[in-house]
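The structure appears right after this line, and notes come after that.
The values are calculated or read from the model by the stated rules, or taken from the named source; none is laboratory data. Since this is a predicted model, take the numbers as computed values, not measurements. Note that each Cβ is placed from the backbone with ideal geometry, even for glycine, and that neighbours are counted across all protein chains shown.
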Amino acid sequence: MNNEQLTASFNPFAANAFTGTVIRVSGASLKLVLCAGSRSGSQPTFCSSSVGDYIVVEHDDLALVGQISEISVSSEDVAPLPETSPESGKFPVCATAELLASVELSNGRVSPGVLAYPRIGAAAYNAHPLLVQMVVESRCSIDSGQEVLTLTVGRLHDQHQTVISITPEKLFGRHCAVVGSTGSGKSWSLARLIEGAAELKSKIILFDATGEYLNLERNVQHVLLGNNPKPAKGAREVAVPYFHLMESDLFAIFNPTGQSQAPKLRAAMKSLKLARLAPNLAPDGTIVKADRSKVQFEKEYRAHIAELEDPYASFDITKLARQIENECVNPQRSAVEPLVWGGHNSGDYSHCVPLVNRIQDIVASPNLASIFNPKDKRSLFNEIAAFYRDNACCVLRVCLKHLSFEYNSREILLNAIGRYLLEMARKEYFRKRPLLVVLDEAHQFLNARLQGQSSNFPLDSFALIAKEGRKYAITLCLATQRPRDIPEGVMSQMGTLIAHRLINADDRAVIEKAAAELDASTAAAIPSMPPGDAIVMGVDFPIPMSITVEPPTAKPDSRGPDYQGCWR
């Protein structure tokens, strides 16, 4: 857009928008003396400036856009100006503004920061709403003649309540994080984003950690994972069967300790895989080794080596505890019988008894039935594949409210699901229809490693999506009230940040570190923002913008306890 097209849409320097004069320039900070009327004497329409309003300063072929951060009554440096002389009857009102972006009038290009500094005495104008939209939405034109897909996010805090709509590329293209303390409006923002995307031909998988997004209706499928005694109407129960997990996932759940438990567990898994592939070795489903020949076992092992080395847990887990006992034998019967296993080794078995008991408890736990006793429930992995093929549905909500935290199963399952999505993405599965993965309460799933584990089990699948998912058309949208618990490598990949009120200083430090363009005055406002207000910033936005998020149609169920109603 050139200068003629810009002025045809609106005049950024209209006389009735004149608001003041530049009297001091200090880096990107300006001091203005505000007027009480327009330069031309016509009736002003935009001149009642207030904190948060956007201004535009004319400088050669540039329109310098800034935001008023402070207004005060002062006589310093303003006496010589006719706008504030006693004869004019106007009070010497001063304002401080921070320059945020530059618009090249010749082509309409928006650049973050200041390309050139204004001169003393330069005129400042209240920014036209279309210019503000143009800058904060980072568009190079207002009417390009081509329809652009956008999501209406909220309204600016200027005097015009300018509506802000952002393209999916800028919101989600480099990943997105929605952060905020409890009660700050974080859930509403996430619901607003999901609703807006669902109006387009999007593909979104929402992992709902607390079940608060059950009211989403438009183009949404609801499935639930876990032991829910009263599933919501219309929600299907799904499972993540253990045979869709890797052996490393089961190691993390069973958590073998000591020097002997891990080798015996690994050997038992291999033996049960072989028992499935060569039933002649295991008439009762397990392979007995005590005082038995190794010849047939090793022959079958070599014949099925590829299947046995497959990392997935394709065996009967109900027999795992018994097979561990079968593995507790001496390596050979005697020095002259190396091809025959020895007898039962009671020392090894005594070390494995805690592991055997733990496995029996975990496999029989009703809270983990969706893993170890899925029955006829459909696999979540199959559900995801079917959802992606369904052109009529845009959002798959996976409710995790009733998925148990026992034995770190929630974190491990989500890590396995993330790994599955990344494997699909690497096969170019999402190239024609990009997938957005939304993680609510992301701090529960993105810790660097599990706590209390005897071995190092990294929870890195979503971190890998954050680092390499863009090139495979899969991106993340994280929501958390504890950004300090998100690994630094993940937060640094978030191209867009939507920050609600954050009280904890460590949380704010993470946001300030992740958003280099966040200025001091904007950062200072984060602890005191009212519910529903947020600051949107990122690499695709020339300036951080403070907005009030549009309320979602289907409001999340994030209510706290009703003390007034229940304690009477």
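Checking residue 311 against (1) touching a strand residue (DSSP E or B) at 6+ places or on another chain (Cβ under 6 Å); (2) farther than 23 Å from residue 240 by Cβ: exactly one of these is not met. Which one?
Just one mismatch for residue 311, condition (2).
Across region 471-498, what is the number of residues that are closer than 19 Å to residue 543 by Cα and touching a Gly at 6+ places or on another chain (Cβ under 7 Å)?
Step one: filter region 471-498 for residues closer than 19 Å to residue 543 by Cα, giving 492-498.
Now restrict to residues that are touching a Gly at 6+ places or on another chain (Cβ under 7 Å): 495-497.
So the answer is 3.
Do the conditions hold for residue 382, that is, is it more than 24 Å from residue 187 (Cα to Cα) and in the same structural domain as residue 187 (by TED's automatic domain parsing)? Talk me through it step by step, then tell me what you get.
Working: more than 24 Å from residue 187 (Cα to Cα): yes; in the same structural domain as residue 187 (by TED's automatic domain parsing): yes.
It is true that residue 382 is more than 24 Å from residue 187 (Cα to Cα) and in the same structural domain as residue 187 (by TED's automatic domain parsing).
Could you list, in sequence order, the residues of region 313-347 that are surrounded by 15 or more Cβ atoms within 10 Å (Cβ to Cβ), more than 16 Å from residue 285 (Cα to Cα) and not β-branched (Val, Ile, Thr)?
Once the filter is applied, which keeps residues that are surrounded by 15 or more Cβ atoms within 10 Å (Cβ to Cβ), more than 16 Å from residue 285 (Cα to Cα) and not β-branched (Val, Ile, Thr), region 313-347 yields 328, 330, 333, 341, 342, 344, 345.
Which residues, taken from region 153-165, are of a type in the set (Val, Ile, Thr) and either over 16 Å from residue 197 (Cβ atoms) or at pLDDT below 90 (or both)? Before you say what the answer is, go through the steps one by one.
Start the filter on region 153-165 by keeping residues that are of a type in the set (Val, Ile, Thr), which leaves 153, 162-164.
Result: 162, 163, 164.
Would you check if there is a residue in region 490-506 being at pLDDT below 90 and either farther than 18 Å from residue 436 by Cβ or touching a Pro at 6+ places or on another chain (Cβ under 9 Å) (or both)?
Yes, region 490-506 has at least one match.
Return a yes/no flag: does region 69-86 have any residue that is touching a Gly at 6+ places or on another chain (Cβ under 8 Å), within 23 Å of residue 129 (Cβ to Cβ) and at pLDDT below 80.
No; the residues of region 69-86 include none that is touching a Gly at 6+ places or on another chain (Cβ under 8 Å), within 23 Å of residue 129 (Cβ to Cβ) and at pLDDT below 80.
Which condition number does residue 210 fail, the rest of (1) over 25 Å from residue 490 (Cβ atoms); (2) surrounded by fewer than 21 Cβ atoms within 10 Å (Cβ to Cβ); (3) not acidic (Asp, Glu) being met?
(1)
Check 262, 252 and return the single one that is surrounded by 15 or more Cβ atoms within 10 Å (Cβ to Cβ), over 30 Å from residue 220 (Cα atoms) and within 32 Å of the chain's Cα centre (by Cα).
Details: 262 fails: within 32 Å of the chain's Cα centre (by Cα).
Criteria check complete, one pass: 252.
Go through the residues of region 257-274 one by one and say whether even a single one is part of a loop (DSSP other than H, G, I, E, B), under 17 Å from residue 407 (Cβ atoms) and in contact (Cβ under 8 Å) with a residue 60 or more places away in the chain. Let's see the steps before the verdict.
Within region 257-274, the subset part of a loop (DSSP other than H, G, I, E, B) is 257-260.
From what is left, the residues that are under 17 Å from residue 407 (Cβ atoms) are 257.
From what's left, in contact (Cβ under 8 Å) with a residue 60 or more places away in the chain: 257.
Yes, region 257-274 contains at least one residue that is part of a loop (DSSP other than H, G, I, E, B), under 17 Å from residue 407 (Cβ atoms) and in contact (Cβ under 8 Å) with a residue 60 or more places away in the chain.
Please verify whether region 188-203 includes one or more residues that are surrounded by 21 or more Cβ atoms within 10 Å (Cβ to Cβ), among the β-branched types (Val, Ile, Thr) and part of a strand (DSSP E or B).
no
Please go through region 362-376 and pick out each residue that is surrounded by 13 or more Cβ atoms within 10 Å (Cβ to Cβ) and free of Cβ contacts under 8 Å to residues at least 40 places away in the same chain. Lay out the reasoning, then the answer.
First, the residues of region 362-376 that are surrounded by 13 or more Cβ atoms within 10 Å (Cβ to Cβ): 362-363, 365, 367-374.
Residue satisfying the conditions is 373 alone.
Consider residue 233 against the criteria (1) part of a helix (DSSP H, G or I); (2) surrounded by fewer than 18 Cβ atoms within 10 Å (Cβ to Cβ): it satisfies all of them except one. Which criterion is unmet?
In the conditions (1) part of a helix (DSSP H, G or I); (2) surrounded by fewer than 18 Cβ atoms within 10 Å (Cβ to Cβ), residue 233 misses (1) alone.
Criterion first (assigned by TED's automatic domain parsing to the domain that holds residue 218 and on the phi > 0 side of the Ramachandran plot) does residue 538 satisfy it? Write out each step before concluding.
Working: assigned by TED's automatic domain parsing to the domain that holds residue 218: yes; on the phi > 0 side of the Ramachandran plot: yes.
Considered against the rule, which asks whether it is assigned by TED's automatic domain parsing to the domain that holds residue 218 and on the phi > 0 side of the Ramachandran plot, residue 538 comes out as yes.
On the given criteria, is residue 405 farther than 29 Å from residue 558 by Cα and surrounded by fewer than 22 Cβ atoms within 10 Å (Cβ to Cβ)? I'd like the intermediate steps shown before the answer.
On the way: farther than 29 Å from residue 558 by Cα: no; surrounded by fewer than 22 Cβ atoms within 10 Å (Cβ to Cβ): yes.
When the stated conditions are applied, residue 405 does not pass them.
Can you tell me how many residues in region 408-430 are under 14 Å from residue 472 (Cα atoms), of a type in the set (Lys, Arg) and either surrounded by 20 or more Cβ atoms within 10 Å (Cβ to Cβ) or in contact (Cβ under 8 Å) with a residue 24 or more places away in the chain (or both)?
Going through region 408-430 one residue at a time, the tally reaches 2.
Give just the number: which of (1) in a helix (DSSP H, G or I); (2) in contact (Cβ under 8 Å) with a residue 40 or more places away in the chain; (3) hydroxyl-bearing (Ser, Thr, Tyr) does residue 349 not satisfy?
Of everything listed in (1) in a helix (DSSP H, G or I); (2) in contact (Cβ under 8 Å) with a residue 40 or more places away in the chain; (3) hydroxyl-bearing (Ser, Thr, Tyr), residue 349 misses just condition (2).
Matching residues to (1) modelled with pLDDT under 90; (2) more than 18 Å from residue 385 (Cα to Cα); (3) of a type in the set (Lys, Arg):
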position: 427; (1), (2), (3): no, no, yes
position: 443; (1), (2), (3): yes, yes, no
position: 453; (1), (2), (3): yes, yes, no
position: 470; (1), (2), (3): no, yes, yes
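Take the conditions free of Cβ contacts under 8 Å to residues at least 12 places away in the same chain and in a loop (DSSP other than H, G, I, E, B) and apply them to residue 283. Does it pass?
Numbers: free of Cβ contacts under 8 Å to residues at least 12 places away in the same chain: yes; in a loop (DSSP other than H, G, I, E, B): yes.
Yes, satisfied.
Just one of (1) crowded, with 17+ Cβ neighbours inside 10 Å; (2) under 15 Å from residue 319 (Cα atoms); (3) in contact with a helix residue (DSSP H, G or I) (Cβ under 6 Å, 6 or more places away or on another chain) trips up residue 285, so point out which.
So the condition that residue 285 fails would be (1).
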